[in-house]
Amino acid sequence: MFFSDGVFAISITLLVLEIHPPEDTAYLGRGLVELWPSFLAYVLSFFLIASIWANHHVIFDQVVAADRGLLLLNTVLLMTVAFLPFAASVLAAAFRNGAGEPLAVLFFGGSFGVGAIFFNALWWYALRTPRLLNSRVSAHAGRLVGRRFLAGPVLTLLGAAVGAFAPAAGLAFYALMIPVFWLPLPALEPVPLGDESR
């Protein structure tokens with residue numbers, strides 16, 4: 001988990017490096033206002049990556065063992081997470097320049113969508129390999145959680161489809177993922193920090 005947390009922490013920190021201060025400080029207020037695409041991409045990406053991190057913890061709170069398959073899926077998921085700051089910078093640049101917004105929204109959503117696919121694959125792989133999960137996780141609870149996680153690919157697909165014609169509306173679909181994935185998962189019993197069964 002330390003390696004995974006490190007990737008999330010670095011990725012979420014790199015987001016701010018895309019925001020460059022205005023060069024002409026004589027008109028600092030206007031310059032800061034013109035940076036709104038960068039601020040938007042930063043806030044949206046920060047909360048989306050944070051929601052992935054939070055639910056990643058939900059999964060690994062229930063994992064008691066890891067095999068090569070689980071580690072491989074986790075590695076690919078982390079690879080997509082590390083790519084997200086670049087997708088955010090593309091999104092900000094398109095809106096800042098006023099050109100290419102539909103493709104940028106599609107690229108941004110596609111980047112998160114690929115991550116969502118591997119996130120779901122990680123959970124379903126663990127669920128179908130019972131020896132990897134805490135025995136308290138029932139098949140029914142696992143399916144309920146899996147249905148919630150499926151909202152990720154669905155919302156990014158909808159966002160990409162809508163964003164091809166209305167980029168701002170596409171971003172709204174991506175933003176919907178934030179409250180969806182910050183809602184608690186009552187189907188999984190919380191595991192106290194420091195529990196030796198984790």
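The numbers here are math on the coordinates, done by the rules we state, and not lab data. Every value quoted in this text rests on a predicted model; they were computed, and no experiment measured them. Glycine also receives a Cβ, built like all others from the backbone with ideal geometry; neighbour counts cover every protein chain displayed.
For the stretch 135-184: of the residues being among the basic types (Lys, Arg) and part of a helix (DSSP H, G or I), which is farthest from THR80 (Cα to Cα)?
ARG143
When residues in the stretch 16-45 are screened for being buried (at least 18 other Cβ atoms within 10 Å of the Cβ) and of a type in the set (Phe, Trp, Tyr), 1 of them pass. Restricting attention to the stretch 58-85, the residues that are in a helix (DSSP H, G or I) and touching a residue at least 12 places away in the same chain (Cβ under 8 Å) add up to 18.
For the stretch 1-15, the tally of residues that are surrounded by fewer than 18 Cβ atoms within 10 Å (Cβ to Cβ), closer than 14 Å to PHE86 by Cα and in contact (Cβ under 8 Å) with a residue 24 or more places away in the chain stands at 2.
The set of residues from the stretch 16-43 being hydroxyl-bearing (Ser, Thr, Tyr) and in contact (Cβ under 8 Å) with a residue 24 or more places away in the chain comprises SER38, TYR42. Within the set of pairs 6 or more residues apart or between chains, which connect a residue that is under 16 Å from ALA66 (Cα atoms) inside the stretch 128-143 to a residue that is assigned to a loop (DSSP other than H, G, I, E, B) with Cβ atoms less than 6 Å apart? These pairs meet every condition: LEU132/ALA65; ASN134/VAL64.
Determine, yes or no, whether ILE52 is within 21 Å of ILE178 (Cβ to Cβ), in contact (Cβ under 8 Å) with a residue 12 or more places away in the chain and under 11 Å from the mean Cα position of the chain (by Cα). For ILE52, the condition - within 21 Å of ILE178 (Cβ to Cβ), in contact (Cβ under 8 Å) with a residue 12 or more places away in the chain and under 11 Å from the mean Cα position of the chain (by Cα) - is met. Take LEU155 and tell me if it is under 16 Å from the mean Cα position of the chain (by Cα) and not β-branched (Val, Ile, Thr). Against the criterion (under 16 Å from the mean Cα position of the chain (by Cα) and not β-branched (Val, Ile, Thr)), LEU155 qualifies. Between PHE118, PHE173, PHE165, the distinction of being among the aromatic types (Phe, Trp, Tyr) and touching a Gly at 6+ places or on another chain (Cβ under 6 Å) belongs to PHE173 only.
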